[in-house]
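See below for the structure under consideration.
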Amino acid sequence: THVPRHYLVEPPEINLNEMTWTDKRDFQFTVTSPIKKDFNITGLESPIEGMTVAYTKEMRSDGSAAWHVKGTYGPGARERDNGGEIKLKTDADGRTVSERVIAFIKGPLTMEPGGFVALGAIKSAEGKDTDITLTPTGTFDLKVENLEVERLKVSKGDPSKAVSFSHHKDGKSEKVTIHVEKGLEPGAYISGVLKIHLNHPAAPIKEVMFNGFIR
């Protein structure tokens, strides 16, 4: 037998499509109940970062309740969140009613390559320069404020003389260079974590793990 759903949500899902970290989008949906004509929304189960939710009750002429839920998403939505599920508490037997809000958040910047850089095989006689390119989405004037290296390991030789780091502006991008000196002992293994400190409020630090070996 078909058991009717306690609540009907219209529309059943909200898609805000692609957003950047600076965007703000409005949404709304309506909650009714085919089982319990009059009911109350008593609160939000847990807040969702970057999202506001407000709700008002309308009593219809047939004595049924309709709850109109309005909200906003952004600005400052994070890349990994991509929306969230709104769970509203009601006074009907402790039931909750849910609505999924979907958004595809384009992050504040792109980084090529990503969070791991393989320096690969480095010829001892030549050394190697490897670039990381950071490009902001939109018109933001991106600047590298500081480069910090952690857990730098060079299995043979002095780490502080083996690897250095620099950065320069390239159009709207910033290029960060990992420089491996020439003349390092073949067989040496290099690894570390580079922390790139940026002036971007939505991406203050980007971490890059790197490794390679001398041949």
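Quotient of the Cα radius of gyration of segment 85-215 and 2.2 N^0.38 Å, N being its number of residues: 1.51. Note on segment 75-180: Lys pairs 8 or more places apart or on different chains, Cα atoms under 22 Å apart, count 16.
Here the Karplus relation 6.51 cos²θ - 1.76 cosθ + 1.60, evaluated at θ = phi - 60°, turns the backbone of segment 144-159 into coupling constants of 7, 8, 6, 10, 10, 10, 10, 6, 6, 10, 10, 5, 9, x, 8, x Hz, with x for every Gly and Pro. Over segment 89-209, Cα pairs under 8 Å with separation of 6+ residues give a relative contact order of 29 percent. Based on Cα contacts under 8 Å between residues 6+ apart, segment 160-215 shows a relative contact order of 29 percent. Between the alpha-carbon centres of segment 30-78 and segment 168-215 there is a gap of 48 Å.
Which percent of the accessible area of the chain is formed by carbon and sulfur heavy atoms (probe 1.4 angstrom)? In the chain, the share of accessible area belonging to carbon and sulfur is 50 percent. Surface calculation, 1.4 Å probe, protein heavy atoms: Ile35 sits at approximately 90 Å² accessible.
A helix-only calculation puts the chain at -500 deg cm²/dmol for mean residue ellipticity at 222 nm, using -39500 (n - 2.57) for each DSSP H run of at least four residues, averaged over all residues. Measuring nothing but how far apart in sequence close Cα pairs (under 8 Å, 6+ apart) lie, relative to its length, the chain scores a relative contact order of 19 percent. At a probe radius of 1.4 angstrom, the accessible area of the chain per residue rounds to 55 square angstrom. Fully extending the segment from Thr135 to Ser64, taken as 0.36 nm per residue of separation minus the present Cα-Cα distance, adds 20.3 nm.
The values are calculated or read from the model by the stated rules, or taken from the named source; none is laboratory data. Quantities reported herein were computed from a predicted structural model and do not represent experimental measurements. Protein only, heavy atoms only, side chains kept; ligands, DNA and RNA dropped before computing areas. Shrake-Rupley method; radii C 1.70, N 1.55, O 1.52, S 1.80 Å.
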